[in-house]
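The next block holds one structure in the form of structure tokens; read it before the comments.
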Amino acid sequence: PQWPNTDFSKRTVAFTELFSGCPGPDCIPALDAEGEGVVRITSPRGGHARFLPVSEASYQPQVPVAAVTIGNQARAYPLHILTWHEIINDHFAGQPIAVTFCPLCNTAISFERTVSGEVLDFGVSGLLRNSDLVMFDRQTESWWQQATGESLVGHYAGTRLKAVSTAIVSWGQFAEEYPDATVLSEDTGHGRDYGVNPYPGYDTSSFPFLFDGTIDERLPALERVVGVTLGEQSV
């Protein structure tokens, strides 16, 4: 079985809300960071996240990056790399974190990986819910919604990951603001053409991939928007 360790007796959503987006766990290979006290490559497909000083990186100024800040420290993760891997298990500013990106909904969100005293390592489940990445942790094989950080199925069902400050900005802006920071390198150990978009034409599609809900027709279905949540209200 694909999920021998998942506790299917615990869930917060109906299984009918989950769709197979690619064939099984690790169909898209997450990356694990090296260094800063953590060197454990948990993905069965290998690969690693390595980082460069801002001064040594040669990305074009307009390249979008996920900028993660913890205290006065910052690190950039270019979206053209995240698009191919979706999850980076990192250890940054003294914290185990997961930097995640769903190309289907353009959501770059980072989370603390420590839950109930246990450090979790995340991978791509191959499942989607509302056309959004569903992650899994390798310790309990619980399934997690990327957009909310909430566990949907398994041991941690109903648990929500704590978010870490993350914003999508240009590489030029990040490098100017954080000249002493670090950035994810294209040297991942995977033979990916990071200059090529694996989802050509998706931005102009009329309907989200494997989305089973009702489309709000006030805007095109794949229009890019900024979402703001304060308390129980979202805009």
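Quick check on segment 113-136. Is at least one of its residues assigned to a strand (DSSP E or B) and either at positive phi or without any contact (Cβ under 8 Å) to a residue 12 or more places away in the chain (or both)? Within segment 113-136, one or more residues are assigned to a strand (DSSP E or B) and either at positive phi or without any contact (Cβ under 8 Å) to a residue 12 or more places away in the chain (or both).
Taking first residues from segment 155-173 that are free of Cβ contacts under 8 Å to residues at least 60 places away in the same chain and over 13 Å from residue 100 (Cα atoms) and partners that are polar (S, T, N, Q) and part of a strand (DSSP E or B), the Cβ contacts under 8 Å between residues at least 6 apart in sequence or on separate chains come to 159/151; 160/151.
Being closer than 23 Å to residue 155 by Cα and either touching a helix residue (DSSP H, G or I) at 6+ places or on another chain (Cβ under 7 Å) or assigned to a loop (DSSP other than H, G, I, E, B) (or both) narrows it down to one of 16, 6, so name that one. Of the residues listed, the single one that is closer than 23 Å to residue 155 by Cα and either touching a helix residue (DSSP H, G or I) at 6+ places or on another chain (Cβ under 7 Å) or assigned to a loop (DSSP other than H, G, I, E, B) (or both) is 6.
Just wondering, is there one or more residues in segment 196-205 that are surrounded by 15 or more Cβ atoms within 10 Å (Cβ to Cβ) and over 19 Å from residue 28 (Cβ atoms)? Spell out the reasoning first.
Going residue by residue through segment 196-205, those that are surrounded by 15 or more Cβ atoms within 10 Å (Cβ to Cβ) are none.
The answer is no, given that none of the residues of segment 196-205 is surrounded by 15 or more Cβ atoms within 10 Å (Cβ to Cβ) and over 19 Å from residue 28 (Cβ atoms).
Within segment 221-235, being assigned to a loop (DSSP other than H, G, I, E, B) and more than 21 Å from residue 101 (Cβ to Cβ) holds for 231, 232, 235. Scanning segment 25-46 for residues that are modelled with pLDDT of 70 or more and closer than 20 Å to residue 144 by Cα yields 25, 26, 27, 28, 29, 30, 31, 32.
Counting only residues that are in a strand (DSSP E or B) and surrounded by fewer than 22 Cβ atoms within 10 Å (Cβ to Cβ), how many does segment 146-176 have? Let's see the steps before the verdict.
To start, the set of residues in segment 146-176 that are in a strand (DSSP E or B) comprises 150-153, 160, 163-164, 166-170.
Retained after the next criterion (residues that are surrounded by fewer than 22 Cβ atoms within 10 Å (Cβ to Cβ)): 150, 160, 163-164, 166-170.
Total satisfying the criteria: 9.
When you look at residue 163, is it under 25 Å from residue 74 (Cα atoms) and touching a Ser or Thr at 6+ places or on another chain (Cβ under 6 Å), yes or no? It is false that residue 163 is under 25 Å from residue 74 (Cα atoms) and touching a Ser or Thr at 6+ places or on another chain (Cβ under 6 Å). Total residues in segment 123-143 satisfying the condition of being in contact with a Phe, Trp or Tyr (Cβ under 7 Å, 6 or more places away or on another chain) and more than 24 Å from residue 221 (Cβ to Cβ): the figure is 7.
When you look at residue 140, is it among the hydroxyl-bearing types (Ser, Thr, Tyr) and either modelled with pLDDT of 95 or more or not in a loop (DSSP other than H, G, I, E, B) (or both), yes or no?
Here the answer is yes, as residue 140 does meet what is asked.
Every test in (1) touching a residue at least 60 places away in the same chain (Cβ under 8 Å); (2) crowded, with 18+ Cβ neighbours inside 10 Å; (3) of a type in the set (A, V, I, L, M) is passed by residue 210 save one, and that test is (2).
Only a single criterion out of (1) in a loop (DSSP other than H, G, I, E, B); (2) within 16 Å of the chain's Cα centre (by Cα) is not satisfied by residue 214, namely (2).
This table checks each residue for (1) surrounded by 20 or more Cβ atoms within 10 Å (Cβ to Cβ); (2) hydrophobic (A, V, I, L, M, F, W, C); (3) farther than 22 Å from residue 156 by Cβ.
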{"site": "66", "(1), (2), (3)": "yes, yes, yes"}
{"site": "70", "(1), (2), (3)": "no, yes, yes"}
{"site": "98", "(1), (2), (3)": "yes, yes, no"}
{"site": "102", "(1), (2), (3)": "yes, yes, no"}
{"site": "115", "(1), (2), (3)": "yes, yes, no"}
{"site": "118", "(1), (2), (3)": "no, no, no"}
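The values are calculated or read from the model by the stated rules, or taken from the named source; none is laboratory data. Quick caveat: nothing in here was measured; it's all calculated off a predicted structure. Counting neighbours? That spans all protein chains shown, and the Cβs are built from the backbone with ideal geometry, glycine included.
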